[in-house]
Amino acid sequence: MAEFQVRTMADCMAAGETPEVLFWVGCAGSFDDRAKKITKAIANILHKANVSFAILGSEESCTGDPAKRAGNEFLFQMMAMQNIEVMNAYEVKKIVTGCPHCFNTLKNEYPALGGNYEVMHHTQLIQDLIADGKLSIEGGAFKGKKITFHDPCYLGRGNGEYEAPRALIQKLDAELVEMKRCKTNGLCCGAGGAQMFKEAEKGNKEVNIERTEDALAIQPNVIATGCPFCNTMMTDGVKHFEQEHVIAVKDIAELIAEAGEL
Amino acid sequence: MIGQIIFIILLSAAGYMAFKRFQFVRRNILLGRDVKIEGESSDRWGTMIRVALGQGKMFSRPIAAIFHLFLYVGFVIINIEVIEIVLDGVLGQHRLFHGIGPIYNWLMASFEVLAFLVILGCVVFLYRRNIAKLARFHWREMTNWPKSDANIILFTEIALMSAFLSMNAAESILAARGIEHYVNLGTLPISQFVTPFLDGCSDGMLIFVERFCWWFHIIGILAFIVYLSYSKHLHILLAFPNTYYSKLRPAGALDNMSNVTNEVKLMMDPAAQVVEDPLAPKKFGAKDVADLTWVQLMNAYSCTECGRCTSQCPANQTGKLLSPRKIMMDTRDRMEEVGRCMDAGVSYDNKSLLGDYITFEELWACTSCNACTEACPININPLEIIIDLRRYLMMEESQSPESITTMLTNIENNGAPWAFAQADRGNWTQE
């Protein structure tokens, strides 16, 4: 991040400032090389829109989502309580996440443990920034391109948000094409419920292959995602069919950042 | 008079059997633990009106929805006729409500149209199940009983509606011949096409046909009420409370285990003030039906095994063992088994829902994507049962796939599912 320095909450506190938004990066966004590009795109967008934001950096920890879905409520609550302690100490009010799993957990499962925040998925925040005139994007690179959106389960069915990512694709002057299974009927990429961290059970196909076939059937230029895990699964799927030179898999944040040459 | 006595005996016997069975079902549901019902009751009524009464979620598959609507509306409205039949039976009257005026014939005409639509719907459904063999009606868990259950009901409905139409046809001819106490029903839209087949019959034969259909119809309905409690068709009643009590929070939200919260609080701070939740279970997660909530158990009795959940499940579609419908069917079967054991005075039968019915492999194929809960036309939630069973495996038996154990250890040690150091979380800002 050569253009500007992303600050941590600790930096801000030391400088006596309270940032408006906490950017919750998440594990994939912090450690996975592919997902880090999405993280940087989100940070660039927030910077461009003059959003006062910071990250937790080394004070951020797993939300506990995969532990909870795997059935380990103890570990989940330990992680949650530690995170809540940190965030409440920084008086966090508003959070934007780069991952629908973090988004769901922070928004829906932290309040019962004393963590009450306004939580937004990055596509929702970006949509607000555009609506408020703080960010403007032109079609540019994606004008006329066929883009399909793969709904992340925890953004779509889990939290009822189907429109924000689609509205952003349309802002790119791109042609939004839908897969036969989309929105409430969208097919999972196969990573949720802690599946990302294990081999799939015995079957006749991998879920991400089944989902990639849905995408290939409509021949898009770009498969847009809103989740770093979906991104991995779809990227693997596209590679499986040796289509990586024809079809790009990109997060909505990356599309917005690229269109705005951020 | 003898007819009245037989009728009252039949009515009482059916009432008693139905009462005993419904009591059994209710007791089984209440084996489940109590749970706090969250949210406003006005929102719950709204869900019930939209989803159960209004069939809102059925229409994601329009063909099935339209024919199901025929059956649903037909069933509800034609049953108004049952009130008259019962009163006639008890009081020894004939077409008691005919005296209410022309509206009676109008009602009868509309019942006939509905009866025809019900027959049409049943024929289409029999075709879909047995001839077109729609995949979701033929998965692994659709063994003999679930398949026959569906067919028995469809054939019964056709028989009941045919009896109703034949009864009207016979009545019309008898009335036209001026036979005493048979009433003129006007021109009836459907049974007028049945009359030509009966026209040649003698008066005595027609009276027999009319009476036979009348008795057949009412005995059929009484038998149906008893049968209901053994059948997946309980959904016609339970769909309503089931949707009322369905989750109002976003589908992605899982419940917070308050018994764990207290332990974690005390672990982090031995001096912490904790409030015992009186409803908190003793176990962590669910091993058997009694560890689930009564709402989850009612879910299982409400399931009509349509298989929309399974047909949308990513694991099932890619050949894995998991089928959300089977989760619900297993829960119900186990509940009935526990109920029978209790009635026989056996307190412990060495079996449990987890393991004997639902296996490790099925549970671990779930991606928690909520496709099943979204697909269910009456808001049944197989996912929460899966998670509760996983919780038991994980927290009471320390059983999980090896890679999951590694992932959890990583989270515990370095705050991420992978073995990266927490101190490096912010490194991307420097890259």
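The values are calculated or read from the model by the stated rules, or taken from the named source; none is laboratory data. Since the model is a prediction, treat every value here as computed from it, not as a measurement. In this analysis, Cβ positions are derived from the backbone assuming ideal geometry, glycine residues included, and neighbour counts consider all displayed protein chains. Each accessible area value is taken on the protein alone, full model and side chains, heavy atoms only, with ligands, DNA and RNA left out. Shrake-Rupley method; radii C 1.70, N 1.55, O 1.52, S 1.80 Å.
The alpha carbons of the protein assembly as shown give a radius of gyration and a Dmax of 30.2, 103 Å, in that order.
If the cut-off is 29 Å between C-alpha atoms, which lysines fall inside it for A:K48, apart from same-chain ones fewer than 8 positions away? Reachable lysines: A:K36, A:K37, A:K40, A:K93, A:K94, A:K107, A:K134, A:K143, A:K145, A:K146, A:K171, A:K250. Among A:M13, A:A200, A:Q219, which residue has its Cα furthest toward the positive end of the charge dipole of chain A, with +1 on Lys/Arg Cβ and -1 on Asp/Glu Cβ? Going by the charge dipole, the pick is A:Q219. As a rough guide to protection, the peptides B:190-200, B:338-348 ranked by mean Cβ packing within 10 Å, highest first, stand as B:190-200, B:338-348.
Any idea what the dipole of chain B comes to, in debye rounded to 20, about its Cα centre with Lys/Arg Cβ at +1 and Asp/Glu Cβ at -1? It would help to have the intermediate numbers written out before the result.
Details: 37 positive and 42 negative charges, 115 e Å.
So the dipole magnitude of chain B works out to roughly 560 debye.
Sparsely packed loop sites in the range A:1-102 (the GluC sites (Glu not before Pro) outside DSSP H, G, I, E and B with at most 14 other Cβ atoms within 10 Å) comprise A:E3, A:E17, A:E20, A:E91. Taken along the Cα-to-beta-carbon direction at a fixed 7 Å, the label points for A:E258 and B:Q93 span 7.7 nm. If you take every residue apart from A:K205 with its C-beta less than 13 Å away from the C-beta of A:K205, what net charge results, scoring Lys and Arg +1 and Asp and Glu -1? In short, -2.
Note on chain B: GNM, Cα springs under 10 Å; of B:L154, B:L254, B:L354, the largest mean-square fluctuation is that of B:L254.
Shielding of peptide B:358-370 by partners, expressed as the average count of other chain Cβ atoms within 10 Å per residue Cβ, is 6.
Between B:A159 and B:K133, the contour length at 0.36 nm per residue exceeds the Cα-Cα span by 7.1 nm. When chain B is treated as a Gaussian network with alpha carbon springs shorter than 10 Å, the biggest mean-square fluctuation among B:L126, B:L279, B:L248 belongs to B:L279.
Cysteine residues of chain B whose C-beta has no other cysteine C-beta under 4.7 angstrom: B:C122, B:C201, B:C213, B:C303, B:C306, B:C313, B:C341, B:C366, B:C376.
Per residue of A:197-210, what is the mean number of Cβ atoms on other protein chains within 10 angstrom of that residue's Cβ? Mind showing how you got there, number by number?
Details: counts 11, 9, 4, 7, 14, 5, 10, 4, 5, 2, 9, 2, 1, 4.
The shielding value for this peptide is 6.
Look at the alpha carbon pairs under 8 Å that are at least 6 residues apart: their mean separation over the length of the range A:1-100 gives a relative contact order of 39 percent.
Among the protein heavy atoms, those of B:L107 account for about 50 Å² of accessible surface (1.4 Å probe, every chain in place). Here the extension length gained between B:E180 and B:N413 equals 74.9 nm, from 0.36 nm per residue of separation less the Cα-Cα distance. Put A:E109, B:E412 in order of accessible area, highest first, and with a 1.4 Å probe you get B:E412, A:E109.
Taken along the Cα-to-beta-carbon direction at a fixed 7 Å, the label points for B:E40 and B:A421 span 5.2 nm. Packing, as the average of other Cβ atoms within 10 Å across residues, places the peptides B:67-80, B:389-402 in the order B:389-402, B:67-80, highest first. The mean sequence distance of close C-alpha pairs (under 8 Å, at least 6 residues apart), as a share of the length of chain B, puts its relative contact order at 20 percent. In terms of the Cα gyration tensor, with a ≥ b ≥ c the square roots of its eigenvalues, is chain A rounded because a/c is under 1.5, prolate because a/b exceeds b/c, or oblate? Oblate, because a/c is 1.5 or more while a/b does not exceed b/c.
Distance from the C-alpha centroid of the range B:372-431 to that of the range B:282-311: 22 Å, rounded to the whole angstrom. The calculated 222 nm mean residue ellipticity attributable to helices in the protein assembly as shown amounts to -16000 deg cm²/dmol, summing -39500 (n - 2.57) over DSSP H runs of n ≥ 4 and dividing by all residues. Counted residue by residue at 0.36 nm each, then reduced by the alpha carbon distance between them, the extension gain from B:I152 to B:L279 reaches 41.6 nm.
Of the candidates B:T293, B:T187, B:T261, which one comes out as most mobile in a Gaussian network treatment of chain B with C-alpha springs shorter than 10 Å? Result: B:T261 has the largest fluctuation of those listed.
As an exercise, identify the trypsin sites (Lys or Arg not before Pro) in the range A:162-207 lying in DSSP coil whose Cβ has no more than 12 other Cβ atoms within 10 Å. The partial results should precede the final answer.
Numbers: sites: A:R166, A:K171, A:K180, A:R181, A:K183, A:K198, A:K202, A:K205; in loops: A:K180, A:R181, A:K198, A:K202, A:K205.
Counting only loop positions with at most 12 other Cβ atoms within 10 Å, the trypsin sites (Lys or Arg not before Pro) in the range A:162-207 are A:K180, A:K202.
Residue ranking by accessible heavy-atom surface, 1.4 Å probe, largest first, among B:H235, B:H217 comes out as B:H235, B:H217.
With contacts taken as Cα pairs under 8 Å and at least 6 residues apart, chain A reaches a relative contact order of 20 percent.
Tell me the label-point distance for the pair A:K146, B:N105, using the 7 Å Cα-to-Cβ offset, in nm and rounded to one decimal. Going from the A:K146 label point to the B:N105 one covers 6.3 nm.
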